[in-house]
Amino acid sequence: MPKANALLAADLNELGGQGTDELRQRWTDLFGVAPSPRISRELLVRAIAHRMQEEAHGGLGTSCRRQLARLTKTLGEGGSLEVLQTRSFKPGTKLIREWKGKVHEVVIAGGSYIWAGQHYRSLSQIARAITGTRWSGPRFFGLEAGQGPADG
């Protein structure tokens, strides 16, 4: 472990042993404002630890901060946000689905999917090849939010 990481780890470990007054002062030093008197000790420790790690390793990237600012502005103006849940899988991840008694295995390969030895651009193409009908690929493989694995 590099020296800076070892020092950070030691500082983080010390937080648990500090008293509430010490934690409140540390909060004030790190955030520039005093914490609310109603914040629990546990939340003080977690927030201080987060800020310490953020300072050591960097915080949110510029594009993420811009997106959060846009979302804040939209909400502040009375707008609403559409929540999209996306999942990303590491290359090599396998999706397995049984359909009509046969097990189908798809391997995620970066920007494509491999099924039956062939590359496909989308899971929907694979689901269509397996079933012979139009399916949502993520739904077919049980990946949609709130959906369990599809029945076959």
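Of note:
- The Rg/Rh ratio of segment 94-140, with Rg taken over Cα atoms and Rh as the Kirkwood radius over Cα pairs, comes to 0.92.
- Relative contact order (percent, whole number), the chain, Cα cutoff 8 Å, 6+ residue spacing: 10 percent
- Kirkwood hydrodynamic radius over Cα pairs of the chain, then Stokes diffusion coefficient at 37 °C and 0.692 mPa s, in µm²/s: 161 µm²/s
- Equivalent ellipsoid semi-axes - Cα gyration tensor, segment 1-48, angstrom: 22, 11, 8
Each value in this text was obtained by applying a stated rule to the coordinates, not by laboratory testing. These figures come from a predicted structure and were not determined experimentally.
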